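Below is one structure; the comments refer to it alone.
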Amino acid sequence: MTRPRRQPRRPSRWRAGTRRRRGWRFVDPRTLPAKGAIDLGLRARRLFWSWWPWALLAVWLVLDARSWWAVPAALMAFVSHLIAPREEPPRFGLDHEFAAASDEFVATMAGATGVPLIEGNAFEVLDNGDAFYPRMLQDIAAARSTITIEAYIYWAGTMGMTFATALAERARAGVRVTVLLDAVGSADIGDETLATLEKGGCQVAWYNPISWKTLGRFNNRTHRKSLIVDGVIAYTGGAGIADHWQGQARNPEEWRDVNVRIDGPAAMPLQSGFAHNWQQATGELVSGDGYYPVVPSRGPHVLQVILSSPESGASSVRILYYLAIVCARRSILIANPYFVPDPVAIQTLVEAKQRGVAVRIMVAGIHNDNWLARQNSIRLYGPLLQAGIEILEYNRTMLHHKVMIVDGIWATVGTTNFDNRSFAHNEESNVCVFSPEVAARMEATFMADVAACARVDLAAWRQRGLLARAGQHLASLLEDQV
């Protein structure tokens, strides 16, 4: 009797241990320690902001005939539920054996974020208001069919009125102009600017106005800053529309910032992000080739435009930041005003430094406009400085751009701050470019900015006073909201 041939045993996809895959050693990520150890302070803070302890306390107070005390406890439970982050950072799978210069990095970035790379674009990095505002106004003046704007900040002032006048002129000329403003960030637009837009024929809508209808998502803001003209030309970056972005960052009245200009098919994702939020705010679906034209190749650049939203339950921009860090092999340059890394981000940055990557982080210094963000940032410097990571505080003016450059080959510019508010609560947009030429120019700009920075010294950080430490620990209660 012939015995059946014994089939080789196939390894389980998730069997503990390692196996070979495409020539490299595969390790089941679940067999490795989770990234980002959660210390006692973080656990206590999360418990404090959990809704259920306050709800239980409210019930107990009612049963104990202390109803007046139950009211603030119930209110705290309600607020804690409303402001709770909708997503958590990945803690496994952040150990990669491929570099940012590899095809695997490109494929993984596209797959993990769900965003394809788009070829055929002209791409410009524009530093400071004197560079990007004139180009934006020039493109607005040349619009022929549609102009869409999504803005976290659109404030009254010279620039606010200049843009309103330009937009109203195009609306009167037959161009459809639609402007979506965050109801919190753009509350200071002013009656005169708003009247100029509306009387000129521009359509203006508010994103998530505070009302009982939107109470469940009032903490979700659109932090995007996008301008799309005729569905072909698009701008995004750190700058909104306000007077403090004018100039060349020469003094504290002129903020340091970066916007990018896209000319080509990669404008469409930013248009799609606008359209989604416009529909949510107004109920109107925008459609037609005025918004979504067929765009031939306009330049040599391959771009990836990543939109992040708390509605998806996972931050695509957080994923792109983490992937870029773990795949870096030579250098990581980060410029971000509100740098409040979570434990996972801290560990991945420290491990990058330990494997020989030069890590330099530039943050807003003495002119930081957000006290909570700055105090939380300073509080978290310790493990980064101890690992030898260089932290630079930009002190000429308010540094507001959000830039990251890895290994001189990949870079991202966008609206996303390196903090939990951007990752877990806000609508954000980032543009990634795979180009040694663009990365080299951005690296040169980063190095030029170093001249306006003070390097943070570990010994000085350790010697900061008790009052400073107390303020930083107080600020940590709101770390997840800044």
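The values are calculated or read from the model by the stated rules, or taken from the named source; none is laboratory data. Quantities reported herein were computed from a predicted structural model and do not represent experimental measurements. We place every Cβ from the backbone using ideal geometry, glycine too, and count neighbours over all the protein chains shown.
Among the residues of region 182-209, which ones are at positive phi and either assigned by TED's automatic domain parsing to the domain that holds residue 370 or under 24 Å from the mean Cα position of the chain (by Cα) (or both)?
Across region 182-209, the qualifying residue is only 208.
Looking at 273, 283, 290, 264 in this structure, which one is in the same structural domain as residue 230 (by TED's automatic domain parsing) and within 18 Å of residue 152 (Cα to Cα)?
273
Quick check on my filter: what residues within region 247-259 are surrounded by fewer than 24 Cβ atoms within 10 Å (Cβ to Cβ) and within 20 Å of residue 138 (Cβ to Cβ)?
Matches in region 247-259: 247, 248, 258.
Which residue pairs have Cβ atoms under 6 Å apart, sit 6 or more places apart or on different chains, and have a first residue in region 352-369 that is over 17 Å from residue 335 (Cβ atoms) and a second that is in a strand (DSSP E or B)?
If the second residue must be in a strand (DSSP E or B), the pairs left are 353/359.
Can you pull out the residues in region 182-231 that are surrounded by fewer than 16 Cβ atoms within 10 Å (Cβ to Cβ), assigned to a helix (DSSP H, G or I) and either of a type in the set (A, V, I, L, M, F, W, C) or in contact with a Phe, Trp or Tyr (Cβ under 7 Å, 6 or more places away or on another chain) (or both)?
Correct list: 195, 212, 215.
Please specify each residue of region 259-302 satisfying the condition of being of a type in the set (Gly, Ala, Ser) and more than 14 Å from residue 234 (Cβ to Cβ).
Answer for region 259-302, where residues must be of a type in the set (Gly, Ala, Ser) and more than 14 Å from residue 234 (Cβ to Cβ): 281, 283, 287, 288, 290, 297.
Examine region 301-315 for a residue that is more than 24 Å from residue 118 (Cβ to Cβ) and assigned to a strand (DSSP E or B), and state whether such a residue exists.
No, region 301-315 has no match at all.
Just one of 287, 315, 272 is farther than 22 Å from residue 147 by Cβ and hydroxyl-bearing (Ser, Thr, Tyr); which is it?
Criteria check complete, one pass: 315.
Give me a count of the residues in region 407-422 that are out of contact with any helix residue (DSSP H, G or I) (no Cβ under 7 Å at 6 or more places or on another chain) and either surrounded by fewer than 24 Cβ atoms within 10 Å (Cβ to Cβ) or free of Cβ contacts under 8 Å to residues at least 60 places away in the same chain (or both).
1
Could we say that residue 400 is within 19 Å of the chain's Cα centre (by Cα) and touching a residue at least 12 places away in the same chain (Cβ under 8 Å) here?
Yes: the conditions hold for residue 400.
Looking at region 161-181 only, could you name the residues that are assigned to a strand (DSSP E or B) and over 27 Å from the mean Cα position of the chain (by Cα)?
Scanning region 161-181 gives a single hit, 176.
Are any residues in region 82-101 modelled with pLDDT of 75 or more and out of contact with any Phe, Trp or Tyr (no Cβ under 9 Å at 6 or more places or on another chain), and if so, which ones?
91, 92, 93, 95
Sort through 276, 244 and tell me the only one that's surrounded by fewer than 18 Cβ atoms within 10 Å (Cβ to Cβ) and outside any strand (DSSP E or B).
276 is the lone residue from the list that is surrounded by fewer than 18 Cβ atoms within 10 Å (Cβ to Cβ) and outside any strand (DSSP E or B).
Can you pull out the residues in region 122-160 that are farther than 21 Å from residue 243 by Cβ and either surrounded by 20 or more Cβ atoms within 10 Å (Cβ to Cβ) or under 25 Å from the mean Cα position of the chain (by Cα) (or both)?
122, 123, 124, 125, 143, 146, 147, 148
Suppose we filter region 126-160 for residues that are under 21 Å from residue 238 (Cβ atoms), among the hydrophobic types (A, V, I, L, M, F, W, C) and in a helix (DSSP H, G or I); how many remain?
So the answer is 6.
Considering only region 436-482, state which residues are under 23 Å from the mean Cα position of the chain (by Cα), farther than 24 Å from residue 379 by Cα and among the charged types (D, E, K, R).
Correct list: 441, 443.
Output the residues belonging to region 232-241 that are under 21 Å from the mean Cα position of the chain (by Cα) and assigned to a loop (DSSP other than H, G, I, E, B).
238, 239, 240
Of the residues that sit in region 91-121 and are of a type outside the set (A, V, I, L, M) and farther than 14 Å from residue 327 by Cβ, which one is surrounded by the most Cβ atoms within 10 Å (Cβ to Cβ)?
Applying the filter and picking the extreme gives 121.
Among residues belonging to region 73-90 that are within 24 Å of residue 349 (Cβ to Cβ) and charged (D, E, K, R), point out the one that is surrounded by the fewest Cβ atoms within 10 Å (Cβ to Cβ).
Among those that are within 24 Å of residue 349 (Cβ to Cβ) and charged (D, E, K, R), it is 88.
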